[in-house]
Amino acid sequence: DTIYEDVWEQLEDVILKTYDGFPIKLCLIDSGFRPGNPKQVPENMVYSFCQRHSRFCRPTKGRDTMMKPVVPSQIEFMKDWRGKQQKVGIELIHLDTDFFKRMVHERIVRDRSQHGAWLLPDDVGDDYLQQMVSEARILKPGGKPMWVKRHKDNHYFDIEAMQAAAGFILGAQRMGANSSRTTRSTKPARSTIESVVPKRKTAADWSKELNG
């Protein structure tokens with residue numbers, strides 16, 4: 001439960017590590033849900049955590065649609081400082097939910113031989129695959145897009161959409177097919193969703209079926 005400090009301490013351990021020799025450049029945390037009872041926990045713990053790691057952590061809020069995929073803004077929140085409440089400024093990033101969820105689904109159905117294809121490790125579980133196609137995009141009578149849940153859980157899909165947003169903010173979408181980054185690991189990506197469950201419907205099949 002994110003109301004407890006040990007949860008944030010565990011997250012801190014994860015984001016401060018290096019992976020394959022590289023540190024995390026950007027960490028986005030959804031601030032749409034405020035953990036805890038506001039009367040018991042007067043500060044927004046997401047804002048507080050991001051302010052503590054303001055070098056690379058940013059709180060986010062998703063919106064159904066926006067004119068731009070990413071819109072940063074400056075906000076203030078009340079933070080306990082040495083027993084006193086104090087206003088603290090922080091950057092809040094608004095994300096176009098439709099834009100980034102569509103980006104993820106577009107990658108899922110892309111042929112794995114193409115640049116930008118959706119690659120996953122061999123040990124990915126069925127729960128992850130189901131959540132990745134847990135929503136379908138429909139258009140309201142006025143033409144506004146809406147994502148409809150088809151399965152109970154959609155947490156992994158939300159997380160991957162935020163991952164796509166982080167990559168977009170860092171400019172990953174501008175990387176060409178010949179772009180490369182030298183790392184200490186020589187192991188290539190092993191598979192895509194299509195090869196993880198070859199005898200059943202793949203995530204690409206589900207995406208096409210749900211989204212037409």
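The values are calculated or read from the model by the stated rules, or taken from the named source; none is laboratory data. All values reported here derive from a predicted model rather than from experimental measurement. Backbone-built Cβ (ideal geometry, glycine too); neighbour counts: all protein chains shown. For the accessible areas, the whole protein counts, side chains as well, though only heavy atoms, and no ligand, DNA or RNA atoms are used. Shrake-Rupley method; radii C 1.70, N 1.55, O 1.52, S 1.80 Å.
Here is how the numbers come out for the structure above:
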{"quantity": "Tabulated pairs, the stretch 117-135, first over 15 Å from Arg107 (Cα atoms) and touching a residue at least 40 places away in the same chain (Cβ under 8 Å), second small (Gly, Ala, Ser) and open to solvent by less than 30 Å² (accessible area, probe 1.4 Å), C-beta under 6 angstrom, 6+ apart or interchain", "calculated": "Asp122/Ser191"}
{"quantity": "Which numbered condition Arg112 fails, given (1) closer than 25 Å to Pro59 by Cβ; (2) at pLDDT below 95", "calculated": "(1)"}
{"quantity": "Qualifying residue in the stretch 183-190 (condition: within 22 Å of Phe99 (Cα to Cα), in a loop (DSSP other than H, G, I, E, B) and either modelled with pLDDT of 90 or more or out of contact with any Leu (no Cβ under 7 Å at 6 or more places or on another chain) (or both))", "calculated": "no"}
{"quantity": "Boolean, Asp80 is in contact with an Asp or Glu (Cβ under 8 Å, 6 or more places away or on another chain) and at pLDDT 95 or above", "calculated": "no"}
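Let's see how each residue does on (1) crowded, with 18+ Cβ neighbours inside 10 Å; (2) within 11 Å of Lys101 (Cα to Cα); (3) out of contact with any helix residue (DSSP H, G or I) (no Cβ under 7 Å at 6 or more places or on another chain); (4) among the small types (Gly, Ala, Ser):
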{"residue": "His115", "(1), (2), (3), (4)": "no, no, yes, no"}
{"residue": "Leu119", "(1), (2), (3), (4)": "no, no, yes, no"}
{"residue": "Val133", "(1), (2), (3), (4)": "yes, yes, no, no"}
{"residue": "Lys149", "(1), (2), (3), (4)": "no, no, yes, no"}
{"residue": "Lys152", "(1), (2), (3), (4)": "no, no, yes, no"}
{"residue": "Ile159", "(1), (2), (3), (4)": "no, yes, yes, no"}
{"residue": "Gly171", "(1), (2), (3), (4)": "no, no, yes, yes"}
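A quick yes/no check of all residues on (1) in contact with a Gly (Cβ under 9 Å, 6 or more places away or on another chain); (2) open to solvent by 50 Å² or more (accessible area, probe 1.4 Å); (3) modelled with pLDDT under 90:
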site	(1), (2), (3)
Glu5	no, yes, yes
Glu9	no, yes, no
Asp20	no, yes, no
Cys27	no, no, no
His53	no, no, no
